[in-house]
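Read through the structure below, which is laid out as C-alpha cells, and then see the notes.
Values quoted throughout were computed directly from the atomic coordinates according to the rules given, and no laboratory measurement underlies them. Note that the coordinates shown come from a computational prediction; the quantities given were computed from them, not determined experimentally. Here the Cβ positions follow ideal geometry from the backbone for every residue, glycine too, while neighbour counts run over all protein chains shown.
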Amino acid sequence: MSEKWTTANIPDQHGRVAVVTGANTGLGYETAKALAERGASVVLAVRDVAKGERAAAGMTGDVTVQALDLTSLDSVRTAAAALRSRFDRLDLLINNAGVMYTPKQTTQDGFELQFGTNHLGHFALTGLLLDLMLPVPGSRVVTVSSTGHRIRAAIHFDDLQWERSYSRVGAYGQSKLANLMFTYELQRRLAAHGTTAAHGTTAAHGATAALAAHPGMSSTELARNTPAALRLPLTWLTPLITQPPAMGALPTLRAATDPSALGGQYYGPSGRNEIKGHPRLVTSSPQSHEVPVQQRLWTVSEALTGVKFPVAQSQPTSPATAR
C-alpha cells in the first residue's frame, strides 16, 4: 500500500451518492470537495444551511445541502427522512462532524454535548440510513475518530452524561473511543448479516463495510474550545505540529474510497505519532477492541436514541479476531 496516497488515488466516483456530516468547513469540507471533484453526488449535511450553501458554491460537481443538527434527535430523524425521500441508495456515509473540549453543555435531548454529538447523533443517523446502503456493492460507513480516544478515555457507563463531574478532555476521549467501538461492532454486525466479509475481503467487493479514520492534528475550527492553559503553547506550536485540512481529510477519503480497504480498518497519518502525513493503516487502543464493552455501548446507544439497526447483534469474538 502506497504511503503517499493522495486525492489523485481516489477512483472515479460517478454514480455514487455520498453524505458528509459537518461538511461546510474544515475536514468535512475537504472530504466533500474531493468526492465531488471525482464525480460523486455529495450531500453536505450541516447544521447551518446558509453556511452549507456557501460551502457548496465553492465546490465543483453535484453538491447539495441537507439540514442536520446532530444535537437533536428530531433533526436527525427529519434529515434521514429527507434523504430517504431523495435517494433510493446511499454509497458513502461519512460521519465527520464533531465538537471538542466544549464547556459542560447538553444536547437538546439532554445528552452530554460531546458524547451526544460525536457518538449518539451519528449512531442514530447511521441506523436510520443503513438500509439504503446494505444492498449497494462497495458502500461504506466511515466514522471519524481521533488520537484523543487514547487520552483519559473510557466508556463511563455509571455516568455517561458526566452529571456527577465533568472533564472536557475526558468527555471528548469517551466520545472518540465510542466512535471506534461503534465502527468495530457495526462491522461485525455487517459481517454476520452477510453483507461483507469480516476479514480478507475488500470493502469494495462486499456490500457494506464500516471503517474509521482520524486526521492527526489539523488546523481547523474544531480546536476553538481548547482550554486556555493549552491554547498559548499550542499557538506557538501549531505551525510545527499541524497539517492543513486538505491533508487531514486524506485518511477519511482513503477509508471511503481505497479499493483495497477492508471493513473494520482504521486509517490515520503516517508521520511520527500519527500527527501528520499521508494516510496509512493505523492501530487503535487495546481498550477500543473490548468486544463486551462495544456491545454494551451499542445496547445503551439504541436505548438512548430509540434507533434500532437492521443488522443483528454480532457474536462475541476474541480481541484478536475483532482487530
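GNM remark for the chain: springs join alpha carbons under 10 Å apart, and the peak mean-square fluctuation among 250, 128, 35 falls on 128.
Taking 81, 212, 192 in turn, the Gaussian network model of the chain (Cα-Cα springs below 10 Å) assigns the largest fluctuation to 81. Averaging the Cα positions of each part gives two centres, and for region 69-108 and region 274-299 these lie 22 Å apart.
Largest mean-square fluctuation among 156, 214, 278, in a Gaussian network model of the chain whose springs join Cα atoms under 10 Å apart, belongs to 156.
For residue 285 and residue 74 in one chain, what is 0.36 nm times their gap in residues minus the Cα-Cα distance, to one decimal in nm? Each step should come with its number before you reach the end.
On the way: separation 211, 0.36 × 211 = 75.96 nm, distance 3.32 nm.
Difference between extended and current length: 72.6 nm.
Ranked by the mean number of other Cβ atoms within 10 Å of their residues, highest first, the peptides 176-187, 14-25, 255-266 fall in the order 176-187, 14-25, 255-266.
Computed from label points 7 Å out along Cα-Cβ, the spacing between residue 308 and residue 156 is 3.2 nm. Across region 133-141, coupling constants 3J(HN,Hα) worked out from phi with the 6.51/-1.76/1.60 Karplus curve, θ = phi - 60°, read 9, 3, x, 9, x, x, 6, 9, 10 Hz, and Gly and Pro carry x.
Here residue 33 is the anchor, and the lysines within straight C-alpha reach of less than 16 Å, apart from those fewer than 8 places off in the same chain, are 51. When Rg and the Kirkwood radius Rh are both evaluated on Cα atoms of the chain, their ratio Rg/Rh stands at 0.93. When DSSP beta bridges are restricted to pairs lying wholly in region 12-322, around 15% turn out antiparallel.
Put a dot 7 Å past the Cα of residue 57, heading toward its Cβ, do the same for residue 85, and the two dots end up 2.6 nm apart. In summary, the aspartates and glutamates within cross-link reach of residue 104, defined as a Cα separation below 19 angstrom excluding same-chain residues under 8 places away, comprise 69, 112, 158, 159, 163, 221.
Taking the Cα centre of the chain as the origin, how large is its charge dipole in debye, to the nearest 20, when only Lys and Arg (+1) and Asp and Glu (-1) carry charge on their Cβ atoms? Show your work: numbers first, answer last.
Working: 29 positive and 23 negative charges, 104 e Å.
With Lys and Arg at +1 and Asp and Glu at -1, about 500 debye.
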